[in-house]
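Bear in mind these aren't lab numbers, they're just calculated from the coordinates by the rules spelled out. Here the structure is a predicted model, which means the values were calculated and not measured. In this analysis, Cβ positions are derived from the backbone assuming ideal geometry, glycine residues included, and neighbour counts consider all displayed protein chains.
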Amino acid sequence: MKEFFANMMSDVDGQTSSKRFITLIAFALLSTAFICNIFFEIPLQEFVFDGMMYLVCVGLGVTCAEKFRPKE
C-alpha cells in the first residue's frame, strides 16, 4: 500500500510531486465538504467551494498534462 501511494505521488521522472499531493488533499476536502452539505445540511460558502473545485480541476489538469510534455 505504501508503494502504491509513493508511485501515485511521483511524477513522470519518479520524483515526488507536490502538485499531486496538494491536489489529493484538496480533492479529499472538497469531497468531505460536498458530503457534509448533502447529508448534514451544513451550509457552505459558495465562493470557498468554487475555489476548492477550481484548485482540484487545475491540479488534475496540470498533472495530466505532464504526461504529454516532450522528454528533455
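Annotations
- Scanning segment 30-72 for residues that are within 28 Å of SER10 (Cα to Cα), surrounded by 13 or more Cβ atoms within 10 Å (Cβ to Cβ) and of a type in the set (A, V, I, L, M) yields a count of 9.
Rundown of residues vs (1) part of a helix (DSSP H, G or I); (2) of a type in the set (A, V, I, L, M, F, W, C), yes/no style:
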{"site": "ALA28", "(1), (2)": "yes, yes"}
{"site": "THR32", "(1), (2)": "yes, no"}
{"site": "CYS36", "(1), (2)": "yes, yes"}
{"site": "ILE42", "(1), (2)": "no, yes"}
{"site": "MET52", "(1), (2)": "yes, yes"}
{"site": "VAL58", "(1), (2)": "yes, yes"}
{"site": "GLY61", "(1), (2)": "yes, no"}
{"site": "CYS64", "(1), (2)": "yes, yes"}
{"site": "ARG69", "(1), (2)": "no, no"}
